Amino acid sequence: MDQLSQSQPSRSTDKVIGKFSVLATALLAALLNVSVAAEVNYQLDLAQVKQQQAEITMRLTNVEKGPVTIVMASASPGRYARHDFAKNIFDLRAFDAEAKPLQLTRTSASTWQVVADSKDIVVKYRLFADHADGTYSQIDRRHAHLNIPATFMFAPAFAAEPVNLSIVNKPRPWRVASQLSQVQGQWRAKNLDDFMDSPLEISEHQWLSFTQASHGNNYQINIALHHQGTAAQGEHLKTLVQAFVKEQQAIFGELPDYAGKQYTFLADYLPAVASDGMEHRNSTVVTDDRSLLQAEYAQVETMSHEFFHAWNVERIRPKSLQPFDFTKTNMSDLLWYAEGFTNYYGKLALKRSGYFSQDAYFEQVLKALNRTLQAPGRRFQGPAGMSQQAVFVDAGVSVDPTDYGNNYLSYYTYGEVVALGLDLQLRVKFGRSLDQLMRQMWVLYGKTEIPYDATDLQKQLAAVSGDAKFAEKFFNEQVNQSQLPDFKALFAELGLRLQLAEPNKAFAGGVTFRNEGAALLLASRPLVNSARANAGVGIGDTLLQLGEYPISTEQDVQLALKNAKPGEKLTLKYQQKGEVIVTELVLSQDPKLTLVVDEQATAEQLKRRNDWLNSQAVSLAVM
Ligand SMILES: [Zn+2]
């Protein structure tokens with residue numbers, strides 16, 4: 001049929017053809033649209049895992065005219081110090097769609113510009129990686145453990161575009177575990193933020209999975225367990241995880257709506273990995289250089305903490321961390337809540353789930369409480385100020401020494417104690433609990449994903465306690481300044497006595513030591529106002545004699561202090577920067593506190609304690 005006869009169809013045929021041509025045009029436009037839509041395609045080539053390298057290709061499609069900036073991240077969400085991941089990339093090149101080399105100019109430590117004269121830009125580079133934790137990457141004969149900011153370059157102009165990742169030359173038995181969705185053999189992210197949030201564990205791992213129902217959905221909780229233990233050990237870990245998942249769900253009333261209805265623990269329990277945990281929206285990286293058996297399943301403590309983050313910090317999100325800037329440190333004054341309260345609940349959920357006995361849980365509480373009560377750093381800043389130090393302390397590395405023992409206190413520990421104090425105050429003074437504040441924050445800010453600030457949090461504390469004055473005072477005194485509540489009085493209302501653990505024990509101040517040959521050196525700075533600090537001893541000094549005892553090991557120090565009483569003075573001889581000094585060490589009382597169960601507790605006190613510590617998951621069924 002020729003053109004002419006085609007152009008003279010019957011009316012009815014015309015109609016049909018007309019419809020078809022509209023459709024065809026739309027289809028063609030859609031096709032054109034698809035082919036010209038900007039996107040980012042990565043290829044990860046794992047041919048050289050034994051050399052601890054990967055070759056990475058980033059293809060940017062439909063590039064607009066003008067130079068394109070490409071960046072290697074300097075920050076990773078959830079880890080607050082600066083990291084400069086660019087130090088481990090090399091052999092960086094750029095090409096056009098026809099593989100013709102393009103000019104590449106380095107414009108700063110972590111940014112480059114490519115002059116774009118084609119629709120596509122292809123960037124190739126190699127990555128060396130040998131640090132498996134929640135921030136960095138490790139590639140070796142066992143696995144490719146990849147955190148995205150530490151692995152993949154990106155183009156800020158393409159931050160909103162969808163991301164596709166294909167993985168080639170994967171060693172044979174290895175499988176990919178990730179929160180990314182899989183579409184036709186490729187891994188897909190909605191945009192750069194989604195991609196950056198989605199670590200990859202590519203290895204021969206044990207896959208464990210269970211279903212947890214929540215608000216009419218079935219969620220699949222997975223554990224990609226890369227370890228050298230037995231499958232039965234993995235199964236046992238799964239039962240511990242199942243138990244705390246239920247307890248955490250009971251606190252918030254529901255699970256977050258994980259993408260694809262799945263949440264995955266990416267666990268590496270192997271030699272030569274760094275112990276860590278890092279939260280993500282629908283997964284977490286948990287690493288430990290001990291096996292499950294060696295650690296007696298203590299890994300579950302980090303898992304519980306990170307799982308709680310799927311609510312608190314991933315969805316109940318501080319405004320100060322939103323949006324996240326991958327090129328610099330991101331400071332927040334709310335980490336005492338985001339991390340500290342998560343620390344508190346990570347452990348409390350394990351008590352409620354039965355993993356911790358009451359004694360084991362109190363040991364955890366006391367560790368944080370003793371550290372916080374004794375920390376000289378609290379003189380200078382409260383929890384809000386300490387949170388802002390995260391940009392230096394959270395895996396920040398510098399060569400100059402600091403005096404953090406005396407001027408800083410971790411917002412993890414401090415925040416955990418603030419959470420404990422607030423929980424006890426809510427229970428004792430108001431007949432409420434911190435669980436209710438967490439749930440309120442979830443409903444208003446987490447579920448809705450509206451980032452919050454300190455004012456929002458104070459408002460909700462006022463609502464939950466029913467006392468705006470209390471909420472204001474709490475923020476003024478216990479968050480922005482460093483006051484603590486009267487723990488002794490609060491614990492008494494739960495039938496628990498907070499008292500000195502060893503009132504007759506002499507205390508010289510908590511320090512660490514190290515041996516250099518037969519010499520014993522101070523390895524940490526003594527805390528201000530401690531006996532050692534008052535005697536003028538400093539880090540690096542050699543202890544020579546304490547009382548009657550010549551000192552050459554840490555045991556000698558313990559022996560010298562063993563029978564000493566608080567208030568007693570011992571002769572101290574030490575060497576500092578080449579000079580021998582003889583002075584007096586005036587011992588103080590060991591300030592360590594312990595919790596004792598009051599057998600005479602009233603029924604009301606006992607009920608308060610049980611409401612705090614007992615399983616809440618039983619009430620799940622009726623929710
Ligand atoms: Zn955390």
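If you go through region 487-507 one residue at a time, do you hit one that is of a type in the set (D, E, K, R), more than 30 Å from residue 336 (Cβ to Cβ) and not in a loop (DSSP other than H, G, I, E, B)? No, every residue in region 487-507 fails to be of a type in the set (D, E, K, R), more than 30 Å from residue 336 (Cβ to Cβ) and not in a loop (DSSP other than H, G, I, E, B). In region 401-434, the residue that is farthest from the chain's Cα centre (by Cα) out of those that are farther than 28 Å from residue 85 by Cα and among the aromatic types (Phe, Trp, Tyr) is 430. Could you check region 447-490 and list, in sequence order, the residues that are surrounded by 19 or more Cβ atoms within 10 Å (Cβ to Cβ) and touching a Phe, Trp or Tyr at 6+ places or on another chain (Cβ under 6 Å)? Within region 447-490, 452, 465 meet the criteria.
Selection of strands (runs of 3 or more DSSP E) fully inside region 520-623 by the criterion of at least 3 residues being under 27 Å from residue 367 (Cα atoms) returns 593-597. Against the conditions (1) loosely packed, with under 14 Cβ neighbours inside 10 Å; (2) over 24 Å from the mean Cα position of the chain (by Cα); (3) more than 24 Å from residue 155 (Cβ to Cβ), residue 182 satisfies every one except (3). Here residue 304 qualifies as crowded, with 23+ Cβ neighbours inside 10 Å and of a type in the set (S, T, N, Q). Can you name the residue in region 490-537 that is of a type in the set (Phe, Trp, Tyr) and in contact (Cβ under 8 Å) with a residue 60 or more places away in the chain and, of all such residues, is nearest to residue 425 (Cα to Cα)? The selected residue is 491.
Out of curiosity, is residue 99 buried (at least 20 other Cβ atoms within 10 Å of the Cβ) and not in a strand (DSSP E or B)? It would help to see each step written out before you state the result.
Values: buried (at least 20 other Cβ atoms within 10 Å of the Cβ): no; not in a strand (DSSP E or B): yes.
So residue 99 fails the test.
One residue stands out among those in region 244-284 that are part of a loop (DSSP other than H, G, I, E, B), within 15 Å of the ligand (Cβ to nearest atom) and over 29 Å from residue 357 (Cβ atoms): the one that is nearest to the chain's Cα centre (by Cα), which is 280. For region 285-319, the set of residues classified as farther than 18 Å from residue 361 by Cα and more than 16 Å from the ligand (Cβ to nearest atom) consists of 289, 290, 291, 292, 293, 294, 319, listed by residue number.
Selection of first residues in region 387-414 that are touching a residue at least 24 places away in the same chain (Cβ under 8 Å) and of second residues that are of a type in the set (Asp, Glu), restricted to Cβ pairs under 7 Å at least 6 apart or on distinct chains, gives the following pairs, ordered by first then second residue: 387/333; 388/333; 411/339; 412/339. Check region 307-316 and report whether any residue there is in a strand (DSSP E or B) and among the hydrophobic types (A, V, I, L, M, F, W, C). There is at least one residue in region 307-316 that is in a strand (DSSP E or B) and among the hydrophobic types (A, V, I, L, M, F, W, C). Whether a residue is among the charged types (D, E, K, R), surrounded by 22 or more Cβ atoms within 10 Å (Cβ to Cβ) and without any contact (Cβ under 8 Å) to a residue 60 or more places away in the chain was assessed, and residue 279 does not pass this test. Selection over region 216-243 of residues that are outside any strand (DSSP E or B) and either modelled with pLDDT under 95 or small (Gly, Ala, Ser) (or both) gives a count of 6. Return yes when residue 361 is more than 16 Å from the ligand (Cβ to nearest atom), touching a helix residue (DSSP H, G or I) at 6+ places or on another chain (Cβ under 9 Å), within 30 Å of residue 486 (Cβ to Cβ) and part of a helix (DSSP H, G or I) and no when it is not. So residue 361 passes the test.
If you scan region 210-246, which residues turn out to be touching a Phe, Trp or Tyr at 6+ places or on another chain (Cβ under 9 Å) and in contact (Cβ under 8 Å) with a residue 60 or more places away in the chain? Result: 226, 227, 228, 229, 233, 236, 237, 240, 241, 243, 244, 245. Within region 438-460, the set of residues being more than 16 Å from residue 314 (Cβ to Cβ) and either small (Gly, Ala, Ser) or modelled with pLDDT under 95 (or both) comprises just one member, 454. Taking the criterion of being among the charged types (D, E, K, R) and closer than 24 Å to residue 435 by Cα, the residues of region 219-275 that qualify are 246, 247, 254, 257. Considering each residue of region 384-400 in turn, at least one proves to be closer than 30 Å to residue 527 by Cα and more than 22 Å from the chain's Cα centre (by Cα). Can you tell me which residues in region 242-276 are surrounded by fewer than 24 Cβ atoms within 10 Å (Cβ to Cβ), touching a Leu at 6+ places or on another chain (Cβ under 7 Å) and of a type in the set (A, V, I, L, M)? 250, the sole residue that qualifies.
The values are calculated or read from the model by the stated rules, or taken from the named source; none is laboratory data. Owing to the predicted nature of the structure, the values given are computational and were not obtained by experimental measurement. Please note: Cβ atoms are built from the backbone with ideal geometry, for glycine as well, and neighbour counts cover all protein chains shown.
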